[in-house]
1. To the nearest 0.05, how large is the calculated FRET efficiency for Arg114 and Asn211 if R₀ is 35 Å and r is the Cβ-Cβ distance?
2. Could you give the distance between the Cα centres of the stretch 28-94 and the stretch 129-162, to the whole Å?
3. Roughly how big is the chain's charge dipole about its Cα centre, with Cβ charges of +1 (Lys, Arg) and -1 (Asp, Glu), in debye to the nearest 20?
4. Quick one: Debye curve from the C-alpha atoms of the stretch 106-258, no solvent, what's log10 I(q)/I(0) at q = 0.09, 0.16, 0.19 Å⁻¹?
5. List, largest first, the extents of the alpha carbons of the stretch 22-132 along their principal axes, each in whole Å.
6. Divide by every residue of the chain the summed helix terms, -39500 (n - 2.57) for each DSSP H run of at least 4, and state the resulting mean residue ellipticity at 222 nm, rounded to the nearest 500 deg cm²/dmol.
7. Extent of the chain along each principal axis, from alpha carbon coordinates, in Å, largest to smallest?
8. Quantify, in whole percent, the carbon and sulfur part of the accessible surface of the chain (1.4 Å probe; protein heavy atoms only).
Amino acid sequence: MKILITEDYEQMSRHAARILASQLTLKPDSVLGLATGGTVTGMYQRLIALHREDGLDFSQAQAFNLDEYLPIAPEDPQSYHTFMQTHLFSQVNFSAGSTHIPNGLAADAEAECRRYEASIEAAGGIDIQVLGIGRNGHIGFNEPDITFEAGTHQVTLDEQTLLDNARFFPSVAAVPKRAISMGIKTIMHARRILLLASGLEKSDAVHRMINGKITPALPASILQLHPDVILVIDRDAAALLPEGLRTSGSVAKEAQHV
Ligand code: PGA
């Protein structure tokens, strides 16, 4: 794992956007794996700025999002379809039909999981997968469990996740209890993984992801086995990491140049 520790959320967002921008510049037809949530919105704002000011081009790229609530209509204000339209898709130049999110209204959710997984494979697999991390260590909606789920699948959301996501809904009761999520295998097959974390409330999950044992009880711990992971985390999210790791020359130096 490569770990970049930034001063704050803003610097984390800028750095993460640059990593995605360089991916797109080097390979304009990249397949991007994208995420929703409060952590990634700053990165999307920077990407929009790079598109407007520097001509960063999304026209040949494809995007696959990690997950969607179940059931939810795409036009629902709380859907991840709406989130992505608002925070990125409507403001950059993806080509029509090149952005993909699981269908939260699929009559046959199992068939939708299989279709989604197959469409990622048909696109040639994901070049770079953006991840946030839940306070419970989830990635996508892969919640703590006794086994790692493999491909795109239906999930029942964890109590912690319902509470955490209630801030986007009128009440906790209004948060859908189920979702479709890429699985751990889907995520681990991405060629490169870019995980962002900000804030003290993520510090325990970040610490256990890096230093804990690999266990489905902390789904992000599986990333220790991926050969190309970049963690871009701010100082607060890094608060529980060993001192040597937090202040190591290369990390601090790279962070300064963001
Ligand atoms: P957040 O969610 O960015 O809203 O904290 C991250 C996640 O749950 O993966």
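1. Efficiency for this residue pair is about 0.45.
2. With the stretch 28-94 and the stretch 129-162 each reduced to a Cα centre, they are spaced 20 Å.
3. 520 debye
4. Here log10 of I(q) over I(0) equals -0.32, -0.95, -1.24.
5. Largest first, the stretch 22-132 extends 42, 30, 25 Å along its Cα principal axes.
6. Result for the chain, helices only: -10000 deg cm²/dmol.
7. Principal extents (largest minus smallest coordinate, Cα): 53, 43, 35 Å.
8. Result for the chain: 52 percent of the exposed heavy-atom area is carbon or sulfur.
The values are calculated or read from the model by the stated rules, or taken from the named source; none is laboratory data. Predicted, not measured: the structure shown is a model, and the values here were computed from it. No Cβ is skipped: glycine too gets one built from the backbone with ideal geometry, and neighbour counts run over all protein chains shown. In case anyone asks, the SASA skips ligands and DNA or RNA and just uses the protein heavy atoms, side chains included. Shrake-Rupley method; radii C 1.70, N 1.55, O 1.52, S 1.80 Å.
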